[in-house]
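Notes follow the structure.
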Amino acid sequence: MNPALVISARDNVATALQALAAGTTIRVGDLQLALVDAIPRGHKVAIRAIPAGADVVKYGSSIGTASTDIAAGAHVHVHNVASGRGRGDLAAASHDAPAQDGAQ
């Protein structure tokens, strides 16, 4: 079984199907990739370098923007990606929150 899954040729991340230790070398398609970070099961790993400001692509579509340069083999998560998919829970919380300046 492959340790990580890539769905589309456009993807620049793979999803770890099991916990992967830093320093492990994995094969994803034709790529052989040395992991620079530990990757928890279900998390993403960059399969090629992603420059800051570039789209992070999973399943063939953008899921966010790299907030910093991400090296191939690095863990891709909230610490280095600005999500392109809004969090409905935050929008609902801000809508229900009282005004900060006292205005109603």
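The values are calculated or read from the model by the stated rules, or taken from the named source; none is laboratory data. These numbers come from a predicted model, not from an experiment. Ideal geometry is used to build each Cβ from the backbone, glycine not excepted, and the neighbour counts take in all protein chains shown. Only protein heavy atoms, including side chains, enter the accessible area calculation; ligands, DNA and RNA are left aside. Shrake-Rupley method; radii C 1.70, N 1.55, O 1.52, S 1.80 Å.
Over segment 39-85, with every protein chain in place, what whole percent of the accessible area is carbon and sulfur at 1.4 Å, could you tell me?
Working: 1210 of 2280 Å².
Result for segment 39-85: 53 percent of the exposed heavy-atom area is carbon or sulfur.
Quickly work out the V78-to-L31 label distance, labels modelled 7 Å from Cα along the C-beta direction, and quote it in nm with one decimal.
In this crude label model, L31 to V78 measures out at 2.5 nm.
Using the Karplus equation 6.51 cos²θ - 1.76 cosθ + 1.60 (θ = phi - 60°), what ³J(HN,Hα) coupling, rounded to whole Hz, does each residue of segment 63-74 give in order, writing x for Gly and Pro?
Once rounded to whole Hz, the list reads 10, x, 10, 5, 8, 8, 4, 10, 6, 4, x, 8.
Using the Karplus curve 6.51 cos²θ - 1.76 cosθ + 1.60 with θ = phi - 60°, what ³J(HN,Hα) values do you get for each residue of segment 20-31, in whole Hz, with x for Gly and Pro?
Result, ordered by residue: 10, 7, 4, x, 5, 9, 10, 10, 10, x, 8, 8 Hz.
Given the Cα-Cα distance of A19 and L5 and 0.36 nm per residue of separation, how much length would full extension add, in nm?
3.8 nm
If you rank S62, S8 by how much accessible surface each has, with a 1.4 Å probe, what is the order from largest down?
From most exposed to least exposed: S62, S8.
Show the residues, 5+ positions off or on another chain, whose built amide H is closer than 5 Å to the amide H of T24.
L35
Rounded, prolate or oblate: pick one for segment 4-47, where a ≥ b ≥ c are the square roots of the eigenvalues of its C-alpha gyration tensor, a/c under 1.5 means rounded, and failing that, prolate if a/b is larger than b/c, else oblate.
Oblate is the answer for segment 4-47, as a/c is 1.5 or above yet b/c matches or exceeds a/b.
Please list the non-local residues whose amide H lies under 5 Å from the amide H of V76, H modeled 1.01 Å from N, same-chain partners needing a gap of 5 or more.
For V76, the qualifying residues are K44, V45, A46.
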